[in-house]
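All remarks here apply to the structure that follows.
The values are calculated or read from the model by the stated rules, or taken from the named source; none is laboratory data. None of the values given here were measured: they were computed from a predicted structure. Using ideal geometry, Cβ is built from the backbone for each residue, glycine included, and neighbour counts are taken over all protein chains shown. Note: accessible area is taken over every heavy atom of the protein model, side chains too, but ligands, DNA and RNA are not part of it. Shrake-Rupley method; radii C 1.70, N 1.55, O 1.52, S 1.80 Å.
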Amino acid sequence: MSVTVRVPATIANLGPGFDCLGLAIAWHNRVTLAPAGTTTIAVTGPGEDRIPRNDNNLVLRSVRAWEAAVGAAPGEWAIDIDNDAPYGRGFGSSAAAIVGGLVAARAAIGGDANVLALAGEIEGHLDNVSAALLGGITVSGYAPGDAIRIEPPSRIVPLVCVAAGRLSTKEARASLPAQVPFGDAVANASRAALLVAVLTADDPARLLAATEERLHQPPRFRIAPETGALVAALRSEGIAAFLSGAGPSVAALVAADEAGDIRALAERAAPEGWDVRIVPFEANGAAEAAP
């Protein structure tokens, strides 16, 4: 039986919510899984020139993780990955592959295991995978499968500034310090809590204050100066901009009734070759779809 799963792209961290806040946006990748005589992997769309076609492929690794979790023998699979969302630019492409592989394997193989916990083990953190799986906005803890979904607000929309180049998550994480000042940690925790309250209350007027960040963005901006300059420029205009995931792209949460004007401002501020769009929240997470 062939199974196709549609998975939304995601934005993680949202400024202060490092590794714990994420949201799904209406950009989708598709994973198709079908029994085969030998395992093959085909990729189309963004990342087709870089995504491995061997055992390192995240979709295949996720299928193998599901098989192991439910006690199924490793099978042979034809895997078709059709990407629409940007690859390697901070919109959860790895999370989409992991969640797509697990959800497809669950449908094709059966069995009972915790998809979110398995996804977190493979990814190493829950922010992107929880949003990809559950849709909407997610708040994640560090325990396996520990995430809560929040319904997307109606008066706030995401704006994305897609970078022209890539930045690997490994490189971005390598830039982070081993220790941070206590005051910065407290400030980030308070802003992350405020941001959850602002999103729950659907209150765009307080987004700028709620997305202030002191821990992971400054060191990352040192290796992605164009990104840091754009975030600073947008925030100086009162726009709640932040690094999208590990970057190098930028995202912002903006008032829906001002989205057109803010997009125009962001287009003028963005470096040459960047793509600026308003992309709605995706309320639905990964789900089976027509091939």
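Taking every full run of DSSP H in the chain, the ones that stretch at least 20 Å from end to end by Cα along their long axis and average 0.0 or higher on the Kyte-Doolittle scale are 93-109, 182-201.
Calculated translational diffusion coefficient of the stretch 63-118 (25 °C, 0.890 mPa s; Stokes-Einstein with Kirkwood radius over alpha-carbon pairs) equals 201 µm²/s. The local environment of residue 46, defined by Cβ-Cβ distances under 14 Å, has a net charge of -1 under the rule Lys, Arg +1 and Asp, Glu -1. Using equal-weight Cα scatterers in the Debye expression, the normalised intensity of the stretch 136-291 in log10 at q = 0.08, 0.09, 0.15, 0.18 Å⁻¹ is -0.24, -0.31, -0.89, -1.26.
Using only alpha-carbon positions, what ratio does the radius of gyration of the stretch 189-273 give when scaled by 2.2 N^0.38 Å?
The stretch 189-273 yields a ratio of 1.07.
If you take the Cα centroid of the stretch 237-291 and the Cα centroid of the stretch 1-33, the two points sit 15 Å apart. Annotation: per residue accessible area for the chain equals 42 Å², rounded to a whole number [probe 1.4 Å, protein chains only].
From the convex hull of the Cα coordinates of the stretch 158-210, what is the mean projected area in square nanometres? Projected area, direction-averaged: 5.3 nm². Global size of the chain: 18.6, 58 Å for Rg and Dmax (C-alpha atoms, Rg to one decimal, Dmax whole). The mean sequence distance of close C-alpha pairs (under 8 Å, at least 6 residues apart), as a share of the length of the stretch 197-242, puts its relative contact order at 39 percent. Computed on the Cα atoms alone, the convex hull of the stretch 34-152 gives a volume of 104 cubic angstrom per residue.
Only helices enter the 222 nm calculation for the chain: every DSSP H run of n ≥ 4 contributes -39,500 (n - 2.57), and dividing by all residues gives -11000 deg cm²/dmol, rounded to 500. Rounded to the nearest 20 debye, the dipole magnitude of the stretch 160-208 is 200 debye, with +1 charges on Lys and Arg beta carbons, -1 on Asp and Glu beta carbons, and the Cα centre as origin.
Among the GluC sites (Glu not before Pro) in the stretch 76-165, those placed in a DSSP loop whose Cβ has at most 12 other Cβ atoms within 10 Å are 76. Measure off, as a whole percent, the carbon and sulfur share of the 1.4 Å-probe accessible area of the chain, all protein chains present. Answer for the chain is 51 percent, counting heavy atoms of protein chains only. Taking amide H positions as modeled 1.01 Å from N, with prolines and chain starts lacking one, the residues under 5 Å from residue 244 and 5 or more places away or on another chain are 249, 250, 251.
With a Förster radius of 35 Å, plug the Cβ-Cβ distance of residue 174 and residue 290 into 1/(1 + (r/R0)^6) and report the FRET value to the nearest 0.05. Calculated transfer efficiency: 0.30. Place a label point 7 angstrom from the Cα of residue 40 along the Cα-to-Cβ direction, then list the residues of the stretch 68-98 whose backbone nitrogen is under 20 Å away. Residues 75-83 fall inside that zone.
The three principal axes of the Cα atoms in the stretch 1-84 give end-to-end lengths of 46, 30, 22 Å, sorted in falling order.
The separation of the stretch 138-176 from the stretch 56-131, counted between C-alpha centres, amounts to 17 Å.
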